[in-house]
Amino acid sequence: MEYTISAAARILGANAVGAGDYAFSELSVDSRRLSFPDSTLFFAIETGTNDGHKYVNDAYRMGVRCFVVSHDIPGMERLSDAVFLRVPDTLSALQRLAAYHRDRFRFPVVGITGSNGKSVVKEFLYHLLCGKYNIIRSPKSYNSQIGVPLSVWNMDASYNLAVFEAGISMPGEMERLERIVRPDIGVLTNIGAAHQENFLSMKEKALEKLKLFRDSSFIVYCADDKVADEAVRSVALTARKVTWSMENHDATVFVSGITKKEFSTSFIIKYDGREGRCEIPFTDDASLADVLHCICTAYCLDPSLLDGMLPFSTLEPVAMRLEVKQGRNGTLIINDTYNSDINSLAIALDFLSGRKGGSGCKTTLILSDILQSGCPSDILYRQVAGIVEAKSVDNIIGVGPELSSHSDFFGIGKAFYRSTEELLADFRASDFSGRLVLIKGSRSFHFERITERLEQKAHETVMEVSLGAIVHNFNRYKSRLRPDTKMICMVKASAYGAGAVEVSRTLQEHRCDALAVAVADEGVELRNEGISIPIMVMNPEMNCLNLLYDHALEPEIYSFRLLDAFIREGKSRGAVSFPIHIKIDTGMHRLGFAPEDVPALCALLKGQETVKVKSVFSHLAGSDTPSLDDFTMLQISRFKEAAETIERSAGCRVLKHILNSAGIERFPEYQMDMVRLGIGLYGISMCGDTGLRNVSTLKTTILQIRDVRAGDSIGYGRKTFVDRDSRIAVIPIGYADGLDRHLGNRAARVSVNGRLAQIVGNICMDACMIDVTGINAEEGDTVVIFGDDLPVSRLSEAIGTIPYEILTSPSQRVQRIYLND
């Protein structure tokens with residue numbers, strides 16, 4: 001839907017600077033994610049961690065000519081054919097424009113909020129109702145102050161129902177979102193502990209969430225949720241309360257007769273004097289609650305929807321996040337079947353571009369027909385072809401009759417098949433060798449069969465790595481710093497076990513200033529995978545100096561011997577001002593120059609031009625331990641004196657840094673020019689920061705369950721005897737997978753279906769045993785070794801070690817699966 005820049009100026013009350021009344025139909029806040037730049041209005045958003053004004057020139061180079069800014073930018077006068085709308089607050093302007101756009105439509109809007117389950121309820125609603133409505137919904141989890149307006153902007157006249165998420169993390173946010181969404185039907189999923197740190201109580205958070213429903217006609221919630229029910233009853237909402245309950249017969253929908261089978265749950269709903277029986281393909285309570293929220297929402301739209309059978313039996317688990325897996329023959333698989341619409345396609349293609357980086361890998365998109373778009377197929381697939389071309393995809397494989405009939409729209413390498421079966425009959429995994437492959441399909445096409453053909457490893461023990469959590473933690477630490485303070489992120493030891501390449505790509509995409517690895521080989525791998533930002537090598541060895549120069553890897557220099565050798569190597573290459581980082585030993589006594597060595601070091605550096613000191617740094621020995629604060633202050637004092645001496649000798653500014661993760665949390669006043677973020681990036685605070693998100697989840701499955709009689713022993717050496725009749729499960733993870741043998745014999749517990757189970761017996765090379773007595777566990781169930789609800793610190797404490805060791809232990813035969821929120 002097009003607007004002109006003059007119309008936008010009127011809506012926003014902005015002054016337009018520049019010539020031309022351009023038309024735009026797209027909004028963007030990210031210069032890296034532009035599908036149609038010549039029809040995009042770019043908002044330069046300022047956040048706690050970044051400023052979009054820095055990227056206006058990048059967006060201009062990509063073809064954008066329409067901008068919303070809050071202040072002038074350097075070189076603005078050179079962008080003579082661009083138009084700038086000047087506003088006091090660019091985020092408020094984005095929200096105001098989206099609110100204006102929302103007001104143009106009269107079809108029903110469903111707004112979903114709550115602590116958990118928003119995205120699942122949204123996707124379940126879409127599945128249940130897409131046969132009866134043309135539905136526009138939030139892409140992925142676009143529920144923030146920026147995500148909501150971008151979601152609402154996608155509304156147009158081809159739809160007759162909208163479903164949007166709205167999430168908050170602090171007071172005052174929901175009022176702004178309410179003005180944008182203005183839901184006719186409000187859904188409150190639940191009130192839990194998520195984002196509690198900025199609220200005084202659960203009730204305060206519930207009341208804040210309820211502001212989304214200020215002018216709604218209906219509000220859907222569970223009457224058995226006491227916090228939600230009390231909050232709703234305490235405010236003067238005009239909305240009709242549409243509730244479900246398993247306890248209160250007066251609820252709009254009363255639920256009874258719940259019967260759980262091996263793979264499904266059946267139940268009876270009673271409403272308006274009627275009764276219906278439903279069966280869903282889930283056995284967990286959370287999925288049942290999500291479905292019941294959907295039933296109440298359908299009731300609000302039209303009670304007769306419940307008279308016929310909505311397609312409950314075909315609901316599938318919602319893959320909340322895009323997955324990245326290693327495939328055969330060097331293939332990287334990006335699996336995204338969470339959404340299948342044009343907006344989520346653009347998001348997935350942006351992710352594909354970020355993974356490609358400067359690696360030079362060819363890209364292939366495997367795409368199915370886009371179902372229930374509400375858009376004429378000619379228009380839809382011309383848009384798809386335009387996005388695919390704009391994202392520089394090398395090849396497309398289209399599956400489905402609609403895509404096949406529009407194959408002429410695609411001017412790249414292509415092949416089209418009318419069905420998944422037809423593609424599989426012609427499929428050879430070797431055709432994708434060394435490629436980045438994005439698999440994007442509607443669920444009815446069952447593209448998991450394609451993924452299975454391409455996957456490299458079938459081992460059921462995997463490490464899931466949340467790239468969204470990496471970004472969250474990165475931004476959380478960044479928000480503690482001054483805007484001009486730089487940050488180095490530690491990706492040594494394969495990014496603390498998470499996998500350095502994918503983590504580094506994510507950090508580079510989010511404009512991390514530099515990365516740090518331990519040895520040169522780690523840096524070479526990153527360069528070969530297209531990582532172009534500065535990389536510091538913390539422990540360079542004498543036999544790798546050539547690699548440092550060949551791959552532009554910046555060494556930590558910790559001794560005269562290393563410095564002399566590195567200068568000699570550089571002179572032989574004609575190097576000038578190659579960046580190095582000087583390490584000062586202020587008391588850790590690991591690597592580094594002693595403070596008394598600094599005068600001689602300065603003299604040596606002055607007498608040459610081969611290298612140039614980029615930074616001076618030291619490492620705190622006890623920044624996470626309050627009892628060592630006096631020693632920390634001594635280290636900082638020693639460091640400042642040495643660093644200032646080196647900077648004076650150099651005659652130019654030298655970056656200074658001493659803070660690690662714990663230092664950032666406890667001593668932000670000493671952030672200097674730069675900080676180094678390590679364990680905190682991976683979700684572990686040594687100082688109790690509860691706002692970090694877990695990054696890595698190690699999980700496996702139950703291979704077999706057997707009954708063991710009281711008095712029998714378990715495992716090698718008969719180290720564990722059971723004192724009661726027990727159910728013992730075998731799981732395929734052992735010390736060859738990185739599970740420490742000391743965790744056996746009841747030293748530690750794992751999680752099975754939300755219950756803790758002890759590891760019993762000696763841990764074997766490839767397997768171990770757990771006691772699932774009294775736990776509802778079956779063969780094939782998932783077992784979590786550590787993750788969101790079972791912190792890695794519990795395992796480390798059980799055997800007297802540190803979380804670092806547990807995180808870095810999983811071996812390479814444990815496949816890393818990357819999830820992107």
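The values are calculated or read from the model by the stated rules, or taken from the named source; none is laboratory data. Owing to the predicted nature of the structure, the values given are computational and were not obtained by experimental measurement. Every residue, glycine among them, receives a Cβ derived from its backbone with ideal geometry; neighbour counts consider all protein chains shown.
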Inset, instruction - Test G592 against the criterion of being touching an Asp or Glu at 6+ places or on another chain (Cβ under 7 Å), touching a residue at least 24 places away in the same chain (Cβ under 8 Å) and among the small types (G, A, S), and give yes or no. - result: yes
Legend entry - Filtered residues of the stretch 1-10 (kept if touching a strand residue (DSSP E or B) at 6+ places or on another chain (Cβ under 8 Å) and in a helix (DSSP H, G or I)): I5, S6, A8, A9
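Suppose we filter S256, S245, S216 for residues that are buried (at least 21 other Cβ atoms within 10 Å of the Cβ) and either of a type in the set (S, T, Y) or in the same structural domain as P183 (by TED's automatic domain parsing) (or both); which single one remains?
On the way: S256 fails: buried (at least 21 other Cβ atoms within 10 Å of the Cβ); S245 fails: buried (at least 21 other Cβ atoms within 10 Å of the Cβ).
Only one candidate passes the filter, namely S216.
Considering each of I763, I802 in turn, give the residue that is of a type outside the set (D, E), crowded, with 19+ Cβ neighbours inside 10 Å and not assigned by TED's automatic domain parsing to the domain that holds A348. So that I can check it myself, show each step before the final result.
Values: I802 fails: crowded, with 19+ Cβ neighbours inside 10 Å.
Exactly one residue qualifies, and that residue is I763.
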Inset, instruction - Report the residue count in the stretch 663-679 for those that are within 19 Å of K640 (Cβ to Cβ) and either aliphatic (A, V, I, L, M) or not in a helix (DSSP H, G or I) (or both). - result: 8
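Looking only at the stretch 133-158, how many residues end up being in a strand (DSSP E or B) and out of contact with any Lys or Arg (no Cβ under 6 Å at 6 or more places or on another chain)?
If we filter the stretch 133-158 for residues that are in a strand (DSSP E or B), which is where we start, we get 135-137.
From what is left, the residues that are out of contact with any Lys or Arg (no Cβ under 6 Å at 6 or more places or on another chain) are 135-136.
Residues flagged as in a strand (DSSP E or B) and out of contact with any Lys or Arg (no Cβ under 6 Å at 6 or more places or on another chain) within the stretch 133-158 amount to 2.
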Inset, instruction - Sort out which residues of the stretch 686-716 are more than 30 Å from T506 (Cα to Cα), within 39 Å of the chain's Cα centre (by Cα) and of a type outside the set (V, I, T), and write them in order of number. - result: L703, Q704, R706
Legend entry - Residue match in the stretch 787-795 (condition: crowded, with 23+ Cβ neighbours inside 10 Å and free of Cβ contacts under 8 Å to residues at least 60 places away in the same chain): yes
Legend entry - Enumeration of residues in the stretch 751-809 that are in contact with an Asp or Glu (Cβ under 7 Å, 6 or more places away or on another chain), modelled with pLDDT of 95 or more and within 28 Å of D707 (Cβ to Cβ): S751, V752, A757, Q758, V760
Inset, instruction - Sort out which residues of the stretch 259-294 are within 19 Å of F124 (Cα to Cα), without any contact (Cβ under 8 Å) to a residue 60 or more places away in the chain and of a type in the set (V, I, T), and write them in order of number. - result: T265, I268, I269, I280, T283
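One residue is enough: does the stretch 734-745 have a residue meeting the conditions assigned to a loop (DSSP other than H, G, I, E, B), modelled with pLDDT under 95 and not hydrophobic (A, V, I, L, M, F, W, C)? Give the derivation first.
Filtering the stretch 734-745 down to residues assigned to a loop (DSSP other than H, G, I, E, B) leaves 734, 738-740, 744-745.
In the following step, the residues that additionally are modelled with pLDDT under 95 were identified as none.
No, because not a single residue in the stretch 734-745 is assigned to a loop (DSSP other than H, G, I, E, B), modelled with pLDDT under 95 and not hydrophobic (A, V, I, L, M, F, W, C).
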Legend entry - Residue that is nearest to G754 (Cα to Cα), among those in the stretch 651-693 that are touching a Ser or Thr at 6+ places or on another chain (Cβ under 7 Å) and of a type in the set (S, T, N, Q): N660
Legend entry - Single unsatisfied condition, N473 versus (1) crowded, with 16+ Cβ neighbours inside 10 Å; (2) among the polar types (S, T, N, Q); (3) under 22 Å from I347 (Cα atoms); (4) outside the structural domain of V675 (by TED's automatic domain parsing): (4)
Inset, instruction - Select from the stretch 42-82 the residues that are within 15 Å of L97 (Cβ to Cβ) and in contact (Cβ under 8 Å) with a residue 40 or more places away in the chain and write down the one among them that is nearest to the chain's Cα centre (by Cα). - result: I45
Legend entry - Residue ranges of helices (runs of 4 or more DSSP H) in the stretch 535-629 with at least 1 members aromatic (F, W, Y) and within 30 Å of V503 (Cα to Cα): 545-550, 560-573
Inset, instruction - Residues that are closer than 29 Å to L125 by Cα and aliphatic (A, V, I, L, M): find the helices (runs of 4 or more DSSP H) completely inside the stretch 372-460 holding 2 or more of those. - result: 377-390
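For every residue, the table says whether it meets (1) crowded, with 18+ Cβ neighbours inside 10 Å; (2) in the same structural domain as L210 (by TED's automatic domain parsing); (3) out of contact with any Ser or Thr (no Cβ under 6 Å at 6 or more places or on another chain).
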{"site": "R86", "(1), (2), (3)": "yes, no, yes"}
{"site": "A99", "(1), (2), (3)": "yes, no, yes"}
{"site": "G111", "(1), (2), (3)": "yes, yes, yes"}
{"site": "G117", "(1), (2), (3)": "yes, yes, no"}
{"site": "Y133", "(1), (2), (3)": "yes, yes, yes"}
{"site": "S138", "(1), (2), (3)": "yes, yes, no"}
{"site": "N160", "(1), (2), (3)": "no, yes, yes"}
Legend entry - For E204: the one exception among (1) free of Cβ contacts under 8 Å to residues at least 60 places away in the same chain; (2) surrounded by fewer than 20 Cβ atoms within 10 Å (Cβ to Cβ); (3) assigned to a helix (DSSP H, G or I); (4) in contact with a helix residue (DSSP H, G or I) (Cβ under 6 Å, 6 or more places away or on another chain): (4)
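For the stretch 580-589, check the following and say yes or no: at least one residue is more than 19 Å from F617 (Cβ to Cβ) and at pLDDT 95 or above.
No, every residue in the stretch 580-589 fails to be more than 19 Å from F617 (Cβ to Cβ) and at pLDDT 95 or above.
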Legend entry - Condition broken by S751, with the remaining ones in (1) within 30 Å of C489 (Cβ to Cβ); (2) surrounded by fewer than 22 Cβ atoms within 10 Å (Cβ to Cβ); (3) in contact with a helix residue (DSSP H, G or I) (Cβ under 9 Å, 6 or more places away or on another chain) satisfied: (3)
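Provide a single number: the residues in the stretch 31-41 that are under 22 Å from the mean Cα position of the chain (by Cα) and either assigned to a helix (DSSP H, G or I) or crowded, with 16+ Cβ neighbours inside 10 Å (or both).
Pass one, the stretch 31-41, residues under 22 Å from the mean Cα position of the chain (by Cα): 31-35.
Filter again for either assigned to a helix (DSSP H, G or I) or crowded, with 16+ Cβ neighbours inside 10 Å (or both), leaving 31, 33-35.
Residues meeting the conditions: 4.
Which one of these is farther than 19 Å from S661 by Cα, over 16 Å from the mean Cα position of the chain (by Cα) and either of a type in the set (A, V, I, L, M) or surrounded by 23 or more Cβ atoms within 10 Å (Cβ to Cβ) (or both): V517, V491, V501, V462?
Among V517, V491, V501, V462, only V462 is farther than 19 Å from S661 by Cα, over 16 Å from the mean Cα position of the chain (by Cα) and either of a type in the set (A, V, I, L, M) or surrounded by 23 or more Cβ atoms within 10 Å (Cβ to Cβ) (or both).
Would you check if I470 is closer than 29 Å to T697 by Cα, assigned to a helix (DSSP H, G or I) and at pLDDT 95 or above? Break it down stepwise before answering.
Details: closer than 29 Å to T697 by Cα: yes; assigned to a helix (DSSP H, G or I): yes; at pLDDT 95 or above: yes.
Judged against the criteria, I470 is a match.
Looking at this structure, is F578 in contact with a Lys or Arg (Cβ under 9 Å, 6 or more places away or on another chain), surrounded by fewer than 22 Cβ atoms within 10 Å (Cβ to Cβ) and among the aromatic types (F, W, Y)? Don't jump to the end; show me each part of the working.
Details: in contact with a Lys or Arg (Cβ under 9 Å, 6 or more places away or on another chain): yes; surrounded by fewer than 22 Cβ atoms within 10 Å (Cβ to Cβ): yes; among the aromatic types (F, W, Y): yes.
Spelling it out, F578 is indeed in contact with a Lys or Arg (Cβ under 9 Å, 6 or more places away or on another chain), surrounded by fewer than 22 Cβ atoms within 10 Å (Cβ to Cβ) and among the aromatic types (F, W, Y).
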Inset, instruction - Pairs only if they're at least six apart or on different chains, beta carbon under 9 angstrom, first in the stretch 1-18 and free of Cβ contacts under 8 Å to residues at least 60 places away in the same chain, second among the hydroxyl-bearing types (S, T, Y) and assigned to a helix (DSSP H, G or I); list them, first residue then second. - result: E2/S39
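Do any strands (runs of 3 or more DSSP E) entirely within the stretch 218-329 hold 1 or more residues that are more than 30 Å from the chain's Cα centre (by Cα), and if so, which? Steps first, answer last, please.
Details: elements: 218-222, 240-245, 253-260, 265-271, 274-280, 322-326.
In the stretch 218-329, 218-222, 240-245, 253-260, 265-271, 274-280 are the strands (runs of 3 or more DSSP E) which contain 1 or more residues that are more than 30 Å from the chain's Cα centre (by Cα).
Which of the residues spanning the stretch 96-121 are in a helix (DSSP H, G or I) and either among the aliphatic types (A, V, I, L, M) or at pLDDT 95 or above (or both)?
Initially, the stretch 96-121 is screened for residues in a helix (DSSP H, G or I), giving 96-102, 118-121.
R96, L97, A98, A99, Y100, H101, R102, V120, V121, listed by residue number.
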